[in-house]
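Here the structure is laid out as structure tokens; the discussion comes afterwards.
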């Protein structure tokens, strides 16, 4: 039911973050260690990153770059080739375990993006019909929200909140609360704007690791570093290079 990871810190290659660790997203796609729902994540993968700033380029791109495929991460030779050559200060990667009823289509694969944001969802909406009916007027009118999958709908809800003034973490917490109340589900949400990371924990595992100059939030540890800390259920974590805050969330269910 998906695994994801977000990194913020000193420049690192996509390979070092997503492919090379002993329990990287590659291994989590076919042998996740801690996943509570589903057994494999082979229905697609994606990565998003922010190009490093060039002071001599006034046309420098500030929006994230995205690479997605509707195939297992290990089977894409093109991504394996480019990943060591691409470095970024902020990266979000995900592998997808598709939910029955939703297509195995590239448009359904995280990360979803609009403006400065990247977003991933680990889980599923329980009463999808009810949630869609109840909250459809609150979804931002953006292309990625139109993909035929519940995660895209959640992203549209988040973008509407962010564009309305919510913080990165506040938007995720609001979406989690609204969806839990409207139809329930497993709602581990992860997002970045290139400068901050935020994630909710509701229905599956989530871990945090902070090191000098970097912070990582991931569904499960990618290595045996003892610095990994498991985050408690029904909580929000917000991180930047200035520090990490965690907030307990009160979740009302249907």
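Values quoted throughout were computed directly from the atomic coordinates according to the rules given, and no laboratory measurement underlies them. Nothing here was measured: the structure is a model prediction, and the numbers come from that model. Reconstructed Cβ throughout: ideal geometry from the backbone, glycine too, with neighbour counts over all protein chains shown.
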Under 10 Å, Cα contacts only: if you run a Gaussian network model on the chain, which one of 35, 52, 71 comes out with the highest mean-square fluctuation? 52
Of the residues 29, 151, 81, which exhibits the maximal mean-square fluctuation in a Gaussian network model of the chain defined by a 10 Å Cα contact cut-off? 81
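Mind running the shape call on segment 64-193? Use the C-alpha gyration tensor, a ≥ b ≥ c as the square roots of the eigenvalues: rounded below 1.5 for a/c, prolate if a/b tops b/c, oblate otherwise. Don't skip to the end; give the middle numbers.
Values: a/c = 2.20, a/b = 1.43, b/c = 1.54.
Because a/c hits 1.5 or more and a/b fails to exceed b/c, segment 64-193 counts as oblate.
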Taking a ≥ b ≥ c as the square roots of the Cα gyration tensor eigenvalues, with a/c under 1.5 meaning rounded and otherwise prolate when a/b beats b/c, else oblate, which class fits segment 108-155? oblate
Answer rounded, prolate or oblate for the chain, using the Cα gyration tensor with square roots of eigenvalues a ≥ b ≥ c: rounded when a/c is under 1.5, else prolate when a/b is larger than b/c, else oblate. rounded
Ranking of 67, 50, 7, 30 by count of other Cβ atoms within 10 Å, fewest first: 30, 67, 50, 7
I'm a student and want to see the number: the projected area of the Cα convex hull of segment 180-231, averaged over all directions, in nm². 4.4
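Could you give the length gained by full extension between residue 37 and residue 77, i.e. 0.36 nm per residue of separation minus their alpha carbon distance, to one decimal place?
Working: separation 40, 0.36 × 40 = 14.40 nm, distance 2.83 nm.
Stretched fully, the residue 37-residue 77 segment lengthens by 11.6 nm.
Can you show me the helix-derived [θ] at 222 nm for the chain, built from DSSP H runs with n ≥ 4 at -39,500 (n - 2.57) apiece and divided by the number of residues, rounded to the nearest 500.
Numbers: 5 runs with 49 residues, N = 254.
So the helix-based figure for the chain works out to -5500 deg cm²/dmol.
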If you build a Gaussian network model of the chain, linking Cα atoms that sit under 10 Å apart, which residue out of 61, 69, 209 swings the most? 61
One finds, for residue 230 and residue 20 with R0 = 22 angstrom and r their Cβ-Cβ distance, a FRET efficiency to the nearest 0.05 of 0.45
